[in-house]
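Before any comments, here is the structure.
The values are calculated or read from the model by the stated rules, or taken from the named source; none is laboratory data. Just so you know, these numbers come straight off a predicted model, no measurement behind them. In this analysis, Cβ positions are derived from the backbone assuming ideal geometry, glycine residues included, and neighbour counts consider all displayed protein chains.
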Amino acid sequence: MLRKGQVREWTEVSLLIPDSSAEAISNFLIDEGTTGIEEIDADQGWKRLKAYFPAKERKGGLLRRLYRYAKSLRDLYPELCRVQVETRSLAQENWGENWKRFFKPIEVTRHFLVSPPWSSLRLRKGQIPIIIHPGMAFGTGTHATTKLCLQALEEALKRKKRTVLDVGTGSGILAIAAAKAGAREVVAIDVDPVALNAARDNVRTNDVADRVRVRMGSVGKVLKEFDVVVANIDLKSLRRMRRPLFRHLKPGGILILSGILRRNEKDLLQFYLELEGLTPMKTTWEGEWSCLTFRKKLERPNRNPPVALRSPGEGALEAFSSGSS
Ligand SMILES: C[S@@+](CC[C@H](N)C(=O)[O-])C[C@H]1O[C@@H](n2cnc3c(N)ncnc32)[C@H](O)[C@@H]1O
């Protein structure tokens, strides 16, 4: 049965590729956010890969990047010049339970393992499971930006009992990871009602509803300061949110930004440093994606006096003072 907010239509991207390139192409598809890949042996030396994406994701852009990537690999795998890609739409209703077999647990960082609810897990010591219903919202753990944020959160949460704001929570994956890694309070916000449904569902499944509050809205509506603020959104939103994100950080707090391509990383870094209240800590990369981490300075320079947080009142999110998700 379909869950509320769950993807109803999928795009299957099917490619015939030389055997030897299968790992590189699979990694590319994972970075692009596929939620499952099936690998089928074809003729001698060839493989068919079938990757599944929620249909609402733009097919045109994905195919362009895929051809460009295949072209960049041709020196290593000359047969890739004959790569054949086919796509088709699949309605989940007609797919029975078959789709589930493509979603397997994946180790996304040293500590975090993301798994669909139906997998039985054998965890290593120190491994933290995050159970996500696949395909309901962005954030299955396979996308490079989610992985980079999870790695940055792992670092930021080495000190326990932190408070965390997750802006653009999607499936809730970062908020859930933060709670499971020892944060004492997490606020997860998103402007998309479908994502909020998915996040609430996942928060309950992971048994962290006592620490994670999921709320509708954007960063301007939050009333508190946090030890850690994470925002995996997109370049334009991150530029727009610079001041509110900064304001919601406690002095000494950590800001994690992703959803940006490498080619835009320097400009965004510079743009945030213009605030003069942040120190750059680390930049990490995976594929063409970047993640920036900053620390908020303890003393605030006079040129940027602290801006008052909104007082509770009209438009404020009642939830950020009490209540559960
Ligand atoms: C790239 S997804 C990230 C999901 C998840 N946090 C992850 O890291 O995998 C970005 C999410 O940000 C949400 N979003 C976009 N603009 C926003 C805004 N102004 N305020 C809050 N959320 C926003 C989208 O609805 C989407 O769910």
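Taking the conditions exactly as written (in the same structural domain as I260 (by TED's automatic domain parsing) and touching a helix residue (DSSP H, G or I) at 6+ places or on another chain (Cβ under 9 Å)), does L165 satisfy them or not? Yes, satisfied. Residues that are in a helix (DSSP H, G or I) and either within 12 Å of the ligand (Cβ to nearest atom) or over 16 Å from the mean Cα position of the chain (by Cα) (or both) within the range 201-239 comprise D201, N202, R204, T205, V219, G220, K221, L235, K236, S237, L238, R239, listed in sequence order. The condition (being within 23 Å of L223 (Cβ to Cβ), of a type in the set (S, T, N, Q), near the ligand (Cβ under 8 Å from one of its atoms) and in contact (Cβ under 8 Å) with a residue 24 or more places away in the chain) is satisfied by just one residue among T146, T163, T169: T169.
The residue that is nearest to I30 (Cα to Cα), among those in the range 149-160 that are within 12 Å of the ligand (Cβ to nearest atom) and out of contact with any Leu (no Cβ under 8 Å at 6 or more places or on another chain), is Q151. Cβ separations smaller than 8 Å between residues 6+ apart or across chains give the following pairs from the range 234-246 residues that are charged (D, E, K, R) to residues that are within 9 Å of the ligand (Cβ to nearest atom): D234/G259.
Inspect the range 120-137 for any residue being within 14 Å of the ligand (Cβ to nearest atom), crowded, with 16+ Cβ neighbours inside 10 Å and under 23 Å from V219 (Cα atoms) and give the result as yes or no. Yes, there is a match, as at least one residue in the range 120-137 is within 14 Å of the ligand (Cβ to nearest atom), crowded, with 16+ Cβ neighbours inside 10 Å and under 23 Å from V219 (Cα atoms).
The residue that is farthest from P251 (Cα to Cα), counting only those in the range 289-305 that are at pLDDT below 85 and surrounded by 13 or more Cβ atoms within 10 Å (Cβ to Cβ), is N304. Scanning for something assigned to a strand (DSSP E or B) and within 18 Å of T145 (Cβ to Cβ), does the range 240-254 turn up at least one residue? Yes, the range 240-254 has at least one match. Screening the range 46-88 for residues that are over 18 Å from E12 (Cα atoms) and acidic (D, E) and picking the one that is surrounded by the most Cβ atoms within 10 Å (Cβ to Cβ) gives E79. Take the residues in the range 104-119 that are part of a loop (DSSP other than H, G, I, E, B) and touching a residue at least 60 places away in the same chain (Cβ under 8 Å), then tell me which one is surrounded by the fewest Cβ atoms within 10 Å (Cβ to Cβ). Looking at residues that are part of a loop (DSSP other than H, G, I, E, B) and touching a residue at least 60 places away in the same chain (Cβ under 8 Å), I get K104.
Going by the structure shown, is P251 loosely packed, with under 14 Cβ neighbours inside 10 Å, over 17 Å from the mean Cα position of the chain (by Cα) and at pLDDT below 95? Judged against the criteria, P251 is not a match.
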